[in-house]
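The values are calculated or read from the model by the stated rules, or taken from the named source; none is laboratory data. Everything numeric in this text was worked out from a predicted model, so none of it was measured. Please note: Cβ atoms are built from the backbone with ideal geometry, for glycine as well, and neighbour counts cover all protein chains shown. Keep in mind that these areas ignore ligands, DNA and RNA; they rest on the heavy atoms of the full protein, side chains included. Shrake-Rupley method; radii C 1.70, N 1.55, O 1.52, S 1.80 Å.
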Amino acid sequence: MSIAKTYLPKEAEERWYKYWLDNNFFRSVPDEREPYTIVIPPPNVTGVLHMGHMLNNTIQDVLIRRARMKGKNACWVPGTDHASIATEAKVVAMLKERGISKKDLTRPEFLDYAWEWKEKYGGIILEQLKKLGASCDWERTKFTMDDNLSEAVIDTFIHLYKKGLIYRGIRMVNWDPQGKTAVSDEEVIRKEVNQKLFYIKYSIVGSSDFLTIATTRPETIMADAAICINPHDERYTHLHGKKAFIPLINREIPVILDDYVTMDFGTGCLKVTPAHDLNDYELGLKHNLPVIDILNDDGTLNAKAEILVGEDRFAARKKIAAMLEEAGALDKVEEYKSQVGFSERTNAVIEPKLSMQWFCKMEEMAKPALDYVLNGDIKLIPEKFINTYRHWMENVKDWCISRQLWWGQQIPAYYLPNGQYVIAKTIEEALELAKEQTQNPQLTAQDLTQEEDVVDTWFSSWLWPISVFDGFKDPDNADINYYYPTNDLVTAPEILFFWVARMIMAGHEFRGQVPFKNVYLTGIVRDKLGRKMSKSLGNSPDPLDLIEKYGADGVRVGMLLSSPAGNDLMFDESYCLQGRNFYNKVWNAFLLVKGWEVDDSLSNPNAVAINWFDSRFNQALIEIEDDFSQYRLSEALMATYKLVWDDFCAWYLEMIKPVYLQPIDRETYTKTIAFFENILKILHPFMPFITEELWHDELFGERDMLDSCIVAQLPINGEINSRLLTDVESVKQIITQVRSIRSGKGMSPKEALPLFVKANSGIDYLLYKAILTKLANLSELNLVADKVAGASSFLVLTDEFYVPLNENIDVEAEKERLQKEKDYLIGFLKSVNAKLTNERFMSNAKPEVIEAEQKKRADAEAKLNIIEEGLSGLAN
RNA sequence: GGGAGUUUAGCUCAGCUGGUUCAGAGCAUCUGCCUUACAAGCAGAGGGUCACUGGUUCGAACCCAGUAACUCCCACCA
């Protein structure tokens, strides 16, 4: 059992990261080079690295490092998002632990705690990104509540208000009773939930009749304003105009008619609860019904409920069911599945709630944002998302931008004593405006109160590509002029709408330009059973553990190996293992080359191998470039993987490697090192750590330290000798065939075999004698004019190969093999001939297709000839 | 309910404008090897009714229609 050679030591990752930082590799300032810019999708400041981040940031790092190596001025701007609800919730929880209640704090006191929290825990995720090797320009790190970024939020709010795009109004909004704030439609996650459908009897006033309604929310009956039935529903029309008693509280409500009610759902009767359901609200408006809001902001029942006051809505639901049962008003209860909205940030069940909020009109801004994508100014990768994007942009609704929180940018609205308000950046400006508006010069700042609400977090992150370059305060500064529009945005499809689309709107609105040219939408990371990774399932590996186990390079390669754009990625640790094995392979190839001793007196016997690999490398490079240009990162990586593992290690190094302990000639040595350098260059974006480590070895000579990352200038249009490439493919086949014969006969690889060639194709196999001899382990290689009797044989193209063995060959088996091949060729020729004699084929097919078929026929005929000769030879 | 997407080897995926009668890759599997770079490896091998049914075509994994299964997005049926 041999002991595995070591791979990249763990401390090396930290060492090289520090080296990059110390040498300012990631630092970017505007210069005369072409810029390449990515702004990071800012992770929540409360967040810790998860697998989605790993994928996302690996992709960004590959793109940015590649651009940097190609000589562009690559700038990756990192930062975090203040995430109002999530952060405020964490701070409240922290305060609770310390025995402090948010209620007892003033706004500034609370914010002090929040900042304290942010300073303490806010940088964790960015530190984690460094472990992955992320080459961000850390000096540019931004936070969505940095002074300039917050100021930009206020300025844009005022700008949009002045433009008439922001308004205030009472609307039914999605209320998060846990965060005690409104959230936007996009922040509501609908999930199917098993519920109960309660059938409740409402007795008709002045009669023994009753109506039964079905509801999932019996706790809201106290907020009922009417019972609605379909005007065509003959079961109930006689009750129209009558009144019914709400059970338990015995309040009278009217029975009304509306087409909205579906006759065949439930009982065909609908309880109308305008305060707690959007449809009911609209129905209420239509029928002029009162709005009775029985819920407090935290989801408990208020005094208007009359009963169960102070109880939580879910507790109340259970209790009221029991009470109804006792009162004989509960007809039955059925199991029922329905969609329930949950808060994206707190996971609380969303309550539709009528409240005064601030809104941003979207329609006007959506149009140009849609056009950018439709006309290709912004490319979505993969393209299939264009449809979804279009659908959303064409049906866009106004955006509720106010949040009843403290952590965030406070809305710059100031209320006057008369209830009116003014919008201004400062209280001084507000006072001036207020005096003007009220014609009252006596007003003082004390008369004004600023709006308590803050804006939605997305109202700051939609400015991100501009605000990170300070493009609001100073719209003509050197950074924004140089870096904006940015190049690629890499993000998850789930935030296409509430982030990507809005950034495009903001880009147009505030700079008249797209914010980025390409949007690469990654897949969702799932486990290998296809389940989304989540804390509750416990199926998400800790990325830092993976890095510990497989190395950052291994994990990066693992993430990329199976993540085509837009397709979800079924993550499995075995990919990381494959990544680790890969960089270990590179490491070992390095050890091999490193161990060679050069003898300058030797001449170079490897010209063919060197020329071949040179061509092969240039060919692969074109393929890799092409994959990258189409953002096919996993394919680019796989092409690189095969080039390195198969072509370089398995074939090239085996071709040229000298016998153990023998020296190598200078030319082969130099060329091989040059190849290796190129390989390190193409590997670097994928595996920055090991390539950096190897790059600095003395094997590759003295070099300017700073050059080590900027390894540009690959021979993109290098020469490709295609004849050599195809001939070597034949040579490889010959080698495989000989090995296969050996393995089929149970012979040791050490046993050398003779090989006789009857070359019909014109390939000069003597050119490849050294390679064939070495890799196929031949005792001799001879060209012959005639068939060799009694030998194992095989065909490559139309060339015949004979391996005489000591034992006699099995004539019958050989006959059978040849016969099989003959049958195949005959069938094949039949099909080719069928085409070539088909008039329609000849007249419809493209000339090059016909030509190809003709060549196929000629080749097959030649082969058939050889096989027939072989067969007749055996017959004798 | 509306829209989009997927279905190719055990697994994850390629397959560009339709053009071989072995439909490709990586991983996994099987067999043989501790051959002095690498057992985290080397050599060899096996593995597929391209979801199903029809159609168009000289020719279909690819185009069209239908069916089935799965996934995602959007949507107010209590």
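Nearest 500 deg cm²/dmol is fine: what mean residue ellipticity at 222 nm does chain A get from its DSSP H runs of n ≥ 4 alone, each adding -39,500 (n - 2.57), divided by its residue count? Walk me through the numbers before you get to the answer.
Details: 26 runs with 359 residues, N = 876.
When only DSSP H runs of four or more count, the value is -13000 deg cm²/dmol.
Which one, A:Val598, A:Leu496, A:Cys360, projects farthest toward the positive side of the charge dipole computed for chain A from Cβ point charges (K/R +1, D/E -1)?
A:Leu496
With a cut-off of at most 14 other beta carbons within 10 Å, and DSSP calling the residue loop, which trypsin sites (Lys or Arg not before Pro) in the stretch A:40-119 qualify? Please list them. Could you put the intermediate results ahead of the total?
Numbers: sites: A:Arg65, A:Arg66, A:Arg68, A:Lys70, A:Lys72, A:Lys90, A:Lys96, A:Arg98, A:Lys102, A:Lys103, A:Lys118; in loops: A:Lys70, A:Lys72, A:Arg98.
Within the stretch A:40-119, the qualifying trypsin sites (Lys or Arg not before Pro) (loop, at most 14 other Cβ atoms within 10 Å) are A:Arg98.
Could you tell me the accessible area of A:Trp695 in Å² (1.4 Å probe, neighbours in place), rounded to the nearest ten?
10
Under 25 Å between C-alpha atoms is the cut-off here; go through the stretch A:306-438 and count lysine pairs that meet it, provided they're at least eight residues apart or on different chains.
17
Using a 7 Å offset from the Cα along the Cα-to-Cβ direction at both A:Glu452 and A:Asp542, what is the distance between the two label points in nm, to one decimal?
4.0
Test of the criteria: in the stretch A:188-281, which GluC sites (Glu not before Pro) are in a DSSP loop and have at most 14 other Cβ atoms within 10 angstrom of their Cβ? Working shown, then result.
Numbers: sites: A:Glu192, A:Glu219, A:Glu234, A:Glu252; in loops: A:Glu234.
Answer by residue number: A:Glu234.
Among residues other than A:Ile664 whose Cβ falls under 14 Å from its Cβ, what is the net charge (Lys/Arg +1, Asp/Glu -1)? Provide the component values of the computation, followed by the final result.
Numbers: positive: A:Lys594, A:Lys657, A:Arg666, A:Lys671, A:Lys774; negative: A:Glu597, A:Asp599, A:Asp600, A:Glu654, A:Asp665, A:Glu667.
Net of charged neighbours comes to -1.
Which net charge results when you count Lys and Arg as +1 and Asp and Glu as -1 among the other residues whose beta-carbon is under 14 Å from that of A:Ala315? Before the final figure, lay out the partial values.
Values: positive: A:Arg217, A:Arg313, A:Arg317, A:Lys318, A:Lys319; negative: A:Glu219, A:Asp298, A:Glu311, A:Asp312.
In short, +1.
Using the alpha carbon gyration tensor of chain A, what are the three equivalent-ellipsoid semi-axes (square root of 5 times each eigenvalue), largest first, in whole Å? Could the numbers behind the result be given before it?
Numbers: eigenvalues 978, 273, 124 Å².
Largest first, chain A gives 70, 37, 25 Å.
Where the only charges are on Cβ atoms (+1 Lys, Arg; -1 Asp, Glu), what is the dipole of chain A about its Cα centre, to the nearest 20 debye? Display every interim value, and only then the final one.
On the way: 101 positive and 130 negative charges, 294 e Å.
Using only the charged Cβ atoms, the result is roughly 1420 debye.
If the reach is capped at under 17 angstrom between alpha carbons, list the lysines near A:Lys243, excluding any in the same chain fewer than eight residues apart.
A:Lys201, A:Lys271
Just to confirm a number: summing +1 for Lys and Arg and -1 for Asp and Glu over residues other than A:Val454 whose beta-carbon lies under 13 angstrom from that of A:Val454, what do you get?
Details: positive: A:Arg107, A:Lys180, A:Arg403; negative: A:Glu88, A:Glu451, A:Glu452, A:Asp453, A:Asp456.
That sum, taken over residues with Cβ under 13 Å, equals -2.
Considering only protein heavy atoms, with the full assembly of protein chains and a 1.4 angstrom probe, order A:Ser843, A:Ser562, A:Ser184 by accessible area, largest first. Show your work: numbers first, answer last.
On the way: A:Ser843 85, A:Ser562 25, A:Ser184 5 Å².
Most to least solvent-accessible, the answer reads A:Ser843, A:Ser562, A:Ser184.
Note down the nm distance, to one decimal, between modelled labels 7 Å out along Cα→Cβ at A:Glu597 and at A:Met263.
In this crude label model, A:Glu597 to A:Met263 measures out at 10.1 nm.
Within chain A, what whole-number % of the accessible surface is contributed by carbon and sulfur, with the 1.4 Å probe and all protein chains included in the calculation?
Numbers: 20020 of 40150 Å².
Heavy-atom surface of chain A belonging to carbon and sulfur, 1.4 Å probe: 50 percent.
Heads up, I need the accessible area for A:His240: 1.4 angstrom probe, whole protein in place, Å², nearest 10.
The accessible area comes out at roughly 100 Å².
How do A:His82, A:His287 stack up against each other in accessible area, from largest to smallest, with a 1.4 angstrom probe? Write out the running numbers ahead of the final one.
On the way: A:His82 0, A:His287 55 Å².
Ranking A:His82, A:His287 by accessible area, largest first, yields A:His287, A:His82.
Within the stretch A:773-793, which residues have the backbone N less than 15 Å from the label spot 7 Å out from A:Glu816 along Cα→beta-carbon, could you tell me?
none
Starting from the Cα of A:Lys72, draw a straight line to each of the lysines and keep only those under 20 Å, dropping any in the same chain fewer than 8 residues away.
Cα-Cα hits under 20 Å: A:Lys517, A:Lys681.
Could you put A:Glu698, A:Glu351, A:Glu11 in order of accessible surface area, largest first, with the 1.4 Å probe and the full protein assembly present?
On the way: A:Glu698 140, A:Glu351 10, A:Glu11 100 Å².
From most accessible down to least: A:Glu698, A:Glu11, A:Glu351.
In the stretch A:25-93, with Lys and Arg counted as +1 and Asp and Glu as -1 at Cβ, which of these residues, A:Val39, A:Thr58, A:Ala86, has the Cα nearest the positive end of the dipole, that is, farthest along it?
Toward the positive end, the furthest listed residue is A:Thr58.
List the aspartates and glutamates whose Cα sits under 15 Å from the Cα of A:Lys787, skipping any in the same chain fewer than 8 residues away.
A:Asp799, A:Glu800, A:Glu814, A:Glu868, A:Glu869
List every DSSP H helix in chain A whose Cα atoms extend 18 Å or more along the helix's own long axis and whose mean Kyte-Doolittle hydropathy is at least -1.0. Show your work: numbers first, answer last.
Values: long enough: A:10-22 (19 Å, -1.93); A:51-69 (27 Å, -0.18); A:84-97 (20 Å, 0.55); A:107-121 (21 Å, -1.59); A:147-162 (22 Å, 0.09); A:313-326 (19 Å, -0.26); A:543-561 (19 Å, 0.46); A:573-594 (32 Å, -0.22); A:607-629 (33 Å, 0.01); A:666-683 (25 Å, 0.13); A:722-744 (32 Å, -0.12); A:811-836 (36 Å, -0.63); A:847-875 (42 Å, -0.44).
Qualifying helices: A:51-69, A:84-97, A:147-162, A:313-326, A:543-561, A:573-594, A:607-629, A:666-683, A:722-744, A:811-836, A:847-875.
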